[in-house]
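No lab work stands behind these numbers, since they all come straight from the coordinates. As the structure is a computational prediction, the values presented were derived from the model and not from experiment. Cβ atoms come from the backbone with ideal geometry, glycine included; neighbour counts cover every protein chain shown.
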Amino acid sequence: MQRIIPGITAILAALAFGIWALPDLPAEMASHWGLDGEPDGWSSRTTAVFVLPLIGLGVAALLAFLPRVDPRRVNFELHAGTYWLVANASLIVISVIHVGMIGYNLGWPIPLSRIVAIGIGGLFVLIGNVMTRMRPNWFMGIRTPWTLSSEVVWRRTHRVGGYGFVIGGALVVLTGLLHPSWAAWVMISSVGVAALVSIVYSYVVWRGERERAPNGAGQ
């Protein structure tokens with residue numbers, strides 16, 4: 001739990017900011033945005049201030065717990081630094097989005113769709129850059145039946161998947177800067193393509209490994 005303190009601190013700071021702003025927030029405030037970047041959902045100010053940080057704290061507790069129950073936890077110390085980096089970065093992005101939502105409802109000139117796009121796109125770029133450090137596990141990385149069955153397939157798939165996530169994340173950031181209303185569509189498309197390519201590639205590599213095994217062992 002100690003290694004996720006930066007992320008928890010960010011969540012608590014975002015919650016404190018929301019509580020500080022609570023008296024000045026409208027009774028009903030925008031709390032959800034559509035794919036076009038426009039608000040399409042509203043909630044009471046108390047709900048909006050507390051729900052996302054509480055979800056963030058729940059995510060933090062889950063992230064701290066998962067390594068303990070991973071059937072491949074023997075590998076955890078091999079990539080613990082990467083795991084906690086991604087975990088803390090994810091919680092920080094949640095915190096920034098929450099602060100942006102509160103500021104938007106205070107009437108501040110905050111381009112929330114741009115902040116969300118840059119935050120999530122930047123997170124994808126980070127994940128893509130550290131993918132090759134991940135070791136086989138059940139909770140982080142590209143987990144398919146083929147990557148989990150072979151160290152070689154895992155390693156090669158994460159190399160290719162890393163490129164996909166970096167490119168996709170960079171496209172999301174660029175779209176957020178230039179045309180925020182397109183960012184959600186670009187994000188869905190980029191992640192979908194990167195995931196699909198990674199899944200198909202993992203099968204192709206796994207199949208090739210089996211065909212090269214002596215006498216086609218395991219076929």
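For the reader, a short list of remarks on this structure follows.
- As a proxy for reagent exposure, ranking 28, 209 by other Cβ atoms within 10 Å from fewest up yields 28, 209.
- Pairwise centroid distance, computed over Cα atoms, of the stretch 152-219 with the stretch 22-53, Å: 34 Å
- Sorted by Cβ density within 10 Å, fewest first, the residues 150, 90, 113: 150, 90, 113
- Only Lys, Arg (+1) and Asp, Glu (-1) charged, at Cβ; the chain dipole about Cα centre in debye: 980 debye
- Ranked packing of 38-51, 156-169, 176-189, most packed first, by mean Cβ within 10 Å: 156-169, 176-189, 38-51
- Nearest 10 degrees, 0 to 90: helix 151-178 Cα axis against the chain principal axis: 30 degrees
- Extreme residue, positive dipole direction of the chain, given options 125, 37, 186 (C-beta unit charges): 125
- 0 to 90° range, to nearest 10: angle between helix 5-21 axis and the chain longest Cα axis: 20 degrees
- Legend: ranking of residues 124, 139 from fewest to most surrounding C-beta atoms inside 10 Å; resulting order 139, 124.
- MRE, 222 nm, helices only [DSSP H, n ≥ 4, -39500 (n - 2.57), over the chain, to nearest 500]: -23500 deg cm²/dmol
- Relative to the Cα centre, the charge distribution of the stretch 32-75, modelled as +1 at Lys and Arg Cβ and -1 at Asp and Glu Cβ, gives a dipole magnitude of about 440 debye.
- Among 81, 146, 100 - extreme Cα towards positive end, dipole of the chain, charges at beta-carbon: 146
- Principal-axis analysis of the Cα atoms of the chain puts helix 45-69 at an angle of about 20° to the longest axis.
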